[in-house]
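FYI, it's all coordinate maths here, none of it is from the lab. Because the structure is predicted, anything quoted here is derived from the model rather than measured. Neighbour counts are summed over all protein chains in view; Cβ atoms, including those assigned to glycine, are modelled from backbone coordinates with ideal geometry.
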C-alpha cells in the first residue's frame, strides 16, 4: 500500500511517501509557523522523489491532533482536498498515538505541551492505550505517569515538564513519519475519519463588542 503522510500538527511540516514499511521519500523540516506555505511544495518534492503520480496513492494519512489549531487546519484541509480530488481514502491519526508509536517501551506517556502548565496526554502499556486523549494539569499528568510504574518513557514536547522527575525522556517536537504511516496503514477508514481532535478552545479572545456597535465609555 502506497501512503502519503501529512503531519502539520506540531513542530514540523511533514510530507512523506511510504510503501508498506519502506520510506520512498521523507520531507520533515522543523517548523513552528508557515505550514500553509510550506506543505504543498514539500508534498510535490516527496512525490517526485518517490517517483509516483498522485493517482498511484492508495491512501492518505494525516494527523488530526491534538496540536496547533492553525497547523491542524492546514494539514487536514490539504489532505481532505487532495483525497476528494483523487477519490482516495483519507484516514486520521491521533498525534499522541503517533508519538507513542515513535518510540519503543512497554510503558509510554505521550505528552504535548499545551502551555499554562498543562499537557495533552495519553498513556500506553504494551502498545495499548489506557484511555482517551485528555487535557491535563501537570499534577494530573504526573499521577498518570507514576501509575505506569518504573521504566516509563515520556515522549513529546510535554515530556520536558517532567525532566527533573524522570530519566527516560524523548522530547521530540513531532512524531516520526514512519509511525504516522504505520498507524495510517492499519487504520480502518470508516473508524478513523480525518476530523480535528481539539481538547480545548482556541487561544483567542472574543471581541468585546460587535463590529459597528458603538464603543461604551465609562463615565
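Normalised by residue count, the range 6-48 yields a Cα convex hull volume of 60 Å³ per residue. Sorting 70-76, 85-91, 28-34 by their mean Cβ neighbour count within 10 Å, with the most densely packed peptide first, gives 70-76, 85-91, 28-34. Counting only DSSP H runs of at least 4 residues, each contributing -39500 (n - 2.57), and dividing by the residue count of the chain, the helix-based mean residue ellipticity at 222 nm comes to -8500 deg cm²/dmol. Sorting the Cα pairs of the range 46-146 by distance into bins of 5 Å, from 0 upward, gives 2, 12, 18, 18, 16, 12, 10, 7, 3, 1 percent per bin.
So for each of 47-58, 134-145 I average, over its residues, the number of other beta carbons within 10 Å; can you give me the resulting order with the highest mean first?
On the way: 47-58: 14.2, 134-145: 16.1.
By packing density, highest mean first, the sequence is 134-145, 47-58.
The length gained on full extension between residue 21 and residue 126, counted as 0.36 nm times the residue separation minus their Cα-Cα distance, comes to 35.7 nm. Protection proxy ranking, highest mean first, for peptides 191-199, 115-123: 115-123, 191-199, where packing is the per-residue count of other beta-carbon atoms within 10 Å, averaged.
Beta bridges assigned by DSSP with both partners in the chain are antiparallel in approximately 65 percent of cases. Across the range 103-170, what fraction of all alpha-carbon pairs, as a whole percent, falls in each successive 10 Å bin from zero upward? Bins of 10 Å from zero give 24, 63, 13, 0 percent of pairs.
Stretching residue 198 away from residue 30 to a fully extended chain increases their span by 58.3 nm, per 0.36 nm per residue minus the current alpha-carbon distance.
When only alpha carbons are used to place a centre, the range 106-135 and the range 168-193 end up 14 Å from one another. When the Cα convex hull of the chain is projected onto planes of every orientation, the mean area is 15.5 nm². Hey, quick one: spin label on residue 2, modelled 7 Å out along Cα-Cβ, who in the range 11-29 has an amide N within reach, i.e. under 18 Å? Correct set: 15-27. DSSP bridge analysis restricted to the range 103-170 gives an antiparallel fraction near 75%, rounded to the nearest 5. Given their separation in residues at 0.36 nm each and the Cα-Cα distance between them, residue 84 and residue 134 gain 14.9 nm when the chain is fully extended. Summary of the geometry: the range 137-160 and the range 12-34, compared by the centres of their Cα atoms, lie 27 Å apart.
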